[in-house]
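The values are calculated or read from the model by the stated rules, or taken from the named source; none is laboratory data. Being a predicted model, the structure only gives us computed values, none of them experimental. Quick reminder, even Gly has a Cβ in these numbers, built from the backbone with ideal geometry, and neighbours come from all protein chains shown. To get the accessible areas, we keep the full protein, side chains included, count just its heavy atoms, and leave off ligands, DNA and RNA. Shrake-Rupley method; radii C 1.70, N 1.55, O 1.52, S 1.80 Å.
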Amino acid sequence: MSSTATVLDTTAAPSARSLLRGGAVATVLAAAATAAVATAGAAAGISLAVSGAPIPPAGFATLTVVFSVLGLAIALLLRRFAGSPRTAWVRTTVALTLLSLVPDVLADADTSTKVLLMVTHLVAAAIVIPAVGRRLHA
């Protein structure tokens, strides 16, 4: 009688399909979360107007989707070309998140609106960055 052992290769990078699937779920969750934060802010009396033009909550969701998809493209490139894709992903996306706060600070808007804009960026990042990072090889 012989026995065989199955060895799992835990060093193999997750597939691009897995990365995209998980990233898509995170994108949808982040879009819903940013729209919910914007809606809650508006309900609390915070203006959603920048330069006098109101941003609808759906606009928050739309931009979250657009920039999350760009982030997924970055993740695919890092998966393919970076020596440590997860580390590169976290460093890159944290830096980009911090940079995304600059226009919020400079926006022609009330202070509470600026803070709300920054919170939506941080909420989206808190959802997407770890979800995609988990699917990248360390």
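Our summary gives the stretch 35-138 a relative contact order of 37 percent, counting only alpha carbon pairs under 8 angstrom and 6 or more residues apart. Projecting the Cα positions of ALA107, THR87, PHE60 onto the charge dipole of the chain (unit charges on Cβ atoms of Lys, Arg, Asp and Glu, taken about the Cα centre) puts THR87 furthest along the positive direction.
Eigen-decomposition of the gyration tensor built on the alpha-carbon atoms of the chain gives equivalent ellipsoid semi-axes of 37, 15, 11 angstrom, largest listed first. Remark: the chain carries a charge dipole of roughly 560 debye about the Cα centre, counting +1 on each Lys and Arg Cβ and -1 on each Asp and Glu Cβ.
Dividing the summed -39500 (n - 2.57) terms of all DSSP H runs of n ≥ 4 by the residue count of the chain sets its mean residue ellipticity at 222 nm at -25000 deg cm²/dmol. Accessible area per residue was computed with a 1.4 Å probe on protein heavy atoms; THR62 scores about 80 Å².
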